[in-house]
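One structure below.
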Amino acid sequence: MEKIVIIGAGVAGVNAATKLVDKGYPGDHITIIDMGNDPYKRKPEEVMTGFLGAGGWSDGKLTYHTAIGGHMSKYCGEEKAMELFNEVITNFKRFHPKPEEVQCSNPEAEPDFIKPYFGLRLFPVWHVGTDYLHEIGKNWYDYLCDKGVNFIWNHKVEQLNFTDQLAFYAHNHPESKGIRAIAYDRLIFGVGKSGIDFGKQLAEKYSFPTEPKPVQIGVRFEAPQKHFQKLIDVSYDFKLYRKFDDEGVSLRSFCTNNNAAFVAVEETYGNHSYNGHAKKDEAYRNNMTNFGILMEIQGIDKPFDWSRELVSKVQENSTGLYYSPSRPPSQTSEGDNVSATSITSKQMDEVVKPAFHGYFKYIEDFIEDMKKVFPTLQHDWGIYIPEVKYLSPEPLVDYDTLALADFNNVHFVGDALSARGITVSGAQGTYVAEYIIHCHDEELFGHLEEGNYIGGLTMPKEKNKYWKSL
Ligand SMILES: Cc1cc2nc3c(=O)[nH]c(=O)nc-3n(C[C@H](O)[C@H](O)[C@H](O)COP(=O)(O)OP(=O)(O)OC[C@H]3O[C@@H](n4cnc5c(N)ncnc54)[C@H](O)[C@@H]3O)c2cc1C
């Protein structure tokens, strides 16, 4: 049986490990290395690292549509993608202390009042809630530990040698010295957004061919929920969108949080950008709504460098910016002020608009049109600048295995590949795990007669048709 090393205990890595052990793969052959903490030790400020990764401290909105949250169907087709999404959602419910509280919003028709200014993307979304995610994380972690999966916490993988099949990792503590190596037969690379630099370094070191990517940048918009209630009643995580095909720009509202909604700071490359999350517990209710207004801009040369430069220009006092015609910045769920430097409209003109290279006008228009659609809004809003989705240079992978062309035992999954959300990241991890199980079909199932059981599994009828049997 192969020794599998998973880098990143994020949504992708955890779903991969779960699928493997669920299907009888021995847990003691799986090692997960993460630079963050286990779910019992993870602190609220550790937004991006630790068990379930960014997904573990997110808003826990599980989208169920192939057009949302990154790419899955391009690898495996629509039907398989939906099946995998379903499996990820089922895992979140399976480890949920109160699965009956997971709610689904499934809008069926675009409401007339948003036309003609916006379109509304319609898709089902399950809402788990940040506070439950922590409990889910603990239950899920206990399950994997019980199955024998090895975890190495607080260690960062610093280098990979694909030729010798070695991962080199070191303790996070600044004074700790010494680097350790772990050998693998198969590697799952699921470092998420917090490991984007590492992915980029590897792409350069091994000259991976990559797929071209657009820029995704904008702001996190925040306002009292009452202004948007009419739309929230139709769709909890509403996705307003508009497209300017001739200019290569499209905009969408992204990751809407309501009821107990908080703006979250993300730190990438030493700069601050913004995101949001919502708590489920009524005790946290602040009756606010926040969402990203994200632009996707095609045709930018070196989109990654362009985005990074923009983000670095909209920082002041070592944090991002906040602008509002009327409101002070709000507080985090822990009662601290959201880290942001407040700026005036003059600074908007002098700093923000030039940094956005003229593209900020699309965001201004979006806000202006929201005021028409939601007339009570007027000046009662604020924006945290910037919100950014660094789409890592996507390595070209084999679509059946998500493995690199030159190293077929190295699989890229989650945000490190082409995902941008929980369900797609988990689905990519699960997809790779299915492939690995297929490779071990003989070892896992070969000695069994049809109808025999191993670890709760039935011997598949046609071993080669593994997609059907798993
Ligand atoms: C505040 C916030 C809210 C969000 N809300 C939602 C939402 O509601 N719905 C949704 O679908 N998506 C949401 N997202 C996005 C979603 O969380 C991610 O798309 C998803 O978690 C990606 O999964 P992943 O496994 O690829 O990476 P992650 O879940 O980010 O996990 C990556 C893991 O790798 C570890 N790691 C990174 N580099 C190394 C290294 N070198 N060595 C060791 N370990 C390493 C990190 O510690 C981390 O634990 C949100 C993100 C944020 C930040």
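What the table shows:
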| read-out | value |
| --- | --- |
| Calculated P(r) tail over 36 Å for the chain, as whole % of Cα pairs | 27 percent |
| GluC sites (Glu not before Pro) lying in DSSP loop within the stretch 169-278, provided at most 16 other Cβ fall within 10 Å | E175 |
| Accessible solvent surface per residue of the chain, calculated while the other protein chains remain in place, 1.4 angstrom probe, Å² | 41 Å² |
| Relative contact order computed over the stretch 164-236 (Cα-Cα under 8 Å; 6+ residues apart), in percent | 17 percent |
| Portion, in percent, of the accessible area of the chain that falls on carbon or sulfur, probe 1.4 Å | 47 percent |
| Of G27, G60, N286, farthest towards positive along the dipole that unit charges on Lys, Arg, Asp, Glu beta carbons give the chain | N286 |
| Taking all pairs of distinct alpha-carbon atoms in the stretch 26-140, Kirkwood radius in angstrom | 16.2 Å |
| Neighbour net charge for S273 - beta-carbon separation under 12 angstrom, K R +1, D E -1 | +1 |
| 222 nm mean residue ellipticity, helices alone, for the chain (DSSP H n ≥ 4; -39,500 (n - 2.57); rounded to 500) | -7500 deg cm²/dmol |
| Accessible-area ranking of I33, I152, largest first, probe 1.4 Å | I152, I33 |
| Largest to smallest principal axis extent of the C-alpha atoms in the stretch 302-361, angstrom | 39, 24, 19 |
| Convex hull volume per residue in cubic angstrom - Cα atoms of the stretch 19-69 | 126 Å³ |
| Convex hull (Cα only) mean projected area of the stretch 243-355, reported in nm² to one decimal | 8.3 nm² |
| Exposed-site-free run, longest, the chain (rule: trypsin sites (Lys or Arg not before Pro); DSSP loop; at most 10 other C-beta within 10 Å) | 178-460 |
| Kirkwood-Stokes translational diffusion coefficient of the stretch 91-219, alpha-carbon pairs, 20 °C, 1.002 mPa s, µm²/s | 110 µm²/s |
| Alpha-carbon centroid distance for the pair the stretch 382-420 / the stretch 282-332, whole angstrom | 22 Å |
| Label-to-label distance, nm, for residues given as K3 and S342 (7 Å Cα→Cβ offset) | 5.7 nm |
| Dipole in debye (nearest 20) - the stretch 135-260, about Cα centre, beta carbon charges: Lys, Arg +1; Asp, Glu -1 | 220 debye |
| Kirkwood hydrodynamic radius (C-alpha pairs) into Stokes-Einstein, the stretch 142-199, 4 °C and 1.567 mPa s, D in µm²/s | 100 µm²/s |
| Neighbour-limited loop hits for chymotrypsin sites (Phe, Trp or Tyr not before Pro), the stretch 184-252 (at most 16 other Cβ within 10 Å; DSSP other than H, G, I, E, B) | Y206 |
| Calculated on alpha-carbon atoms, Rg and Dmax of the stretch 199-288 in Å | 17.6, 52 |
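The values are calculated or read from the model by the stated rules, or taken from the named source; none is laboratory data. Because the structure is predicted, anything quoted here is derived from the model rather than measured. Every residue, glycine among them, receives a Cβ derived from its backbone with ideal geometry; neighbour counts consider all protein chains shown. All accessible areas refer to the heavy atoms of the entire protein, side chains included, with ligands and DNA or RNA removed. Shrake-Rupley method; radii C 1.70, N 1.55, O 1.52, S 1.80 Å.
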